[in-house]
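Peer 1: Handing you this structure, nothing more for now.
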Amino acid sequence: MKISKLIDDAVEKAGSQQNLAKALGIKYITRFGDYKAGRRVPDDMLIGELAEYVGLNPIDTILQCKLETVGDEKATLLRTWLENWHSIGDSNPCYRRERAVS
């Protein structure tokens, strides 16, 4: 996902950049323009908060946004993580084991 699309979706949901900034506790709304133009890169926490705000998985969204800002070698690693990542609960079929009663 492109960072600019993520910001656009969040602004659309919030109604305005001011409302989005208030919802996320951001003081400088001018940064949204810098992020969209590529002059600045938002930190992972902000990307995760934006993703949650619009109803996306924050981890997947952070990794997808990182693909925009890293070189080819790291992008390959991130693509591998995106393809293979799943939550711990999905990989552990015994996480709801019943306790033995004596």
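Listed here are the residues, each with its yes/no results for (1) hydrophobic (A, V, I, L, M, F, W, C); (2) touching a Phe, Trp or Tyr at 6+ places or on another chain (Cβ under 9 Å).
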| residue | (1), (2) |
| --- | --- |
| LYS2 | no, no |
| ALA14 | yes, yes |
| ALA21 | yes, yes |
| GLY25 | no, no |
| ILE29 | yes, no |
| ASP44 | no, no |
| GLU52 | no, no |
| LEU63 | yes, yes |
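Peer 1: Could you please tell me which pairs satisfy a Cβ distance under 7 Å, a separation of 6+ or placement on different chains, a first residue in the stretch 8-23 that is among the acidic types (Asp, Glu), and a second residue that is assigned to a helix (DSSP H, G or I)?
Peer 2: As it stands, the answer is ASP9/VAL54, since those pairs meet every condition given.
Peer 1: In addition: Could you list, in sequence order, the residues of the stretch 5-38 that are modelled with pLDDT of 90 or more, among the small types (Gly, Ala, Ser) and within 22 Å of THR69 (Cα to Cα)?
Peer 2: Within the stretch 5-38, ALA10 is the sole residue that qualifies.
Peer 1: Considering the stretch 39-53 alone, what residues qualify as being at pLDDT 90 or above and either exposed (fewer than 12 other Cβ atoms within 10 Å of the Cβ) or touching a strand residue (DSSP E or B) at 6+ places or on another chain (Cβ under 6 Å) (or both)?
Peer 2: MET45
Peer 1: Among (1) touching a Lys or Arg at 6+ places or on another chain (Cβ under 7 Å); (2) surrounded by fewer than 18 Cβ atoms within 10 Å (Cβ to Cβ); (3) under 20 Å from SER16 (Cα atoms), where does GLU68 come up short?
Peer 2: (3)
Peer 1: Restricting to the stretch 1-38, give me the number of residues that are hydroxyl-bearing (Ser, Thr, Tyr), surrounded by 14 or more Cβ atoms within 10 Å (Cβ to Cβ) and out of contact with any Pro (no Cβ under 9 Å at 6 or more places or on another chain).
Peer 2: The total comes to 1.
The values are calculated or read from the model by the stated rules, or taken from the named source; none is laboratory data. Here the structure is a predicted model, which means the values were calculated and not measured. Here the Cβ is made from the backbone with ideal geometry for all residues, glycine too, and neighbour counts use every protein chain on show.
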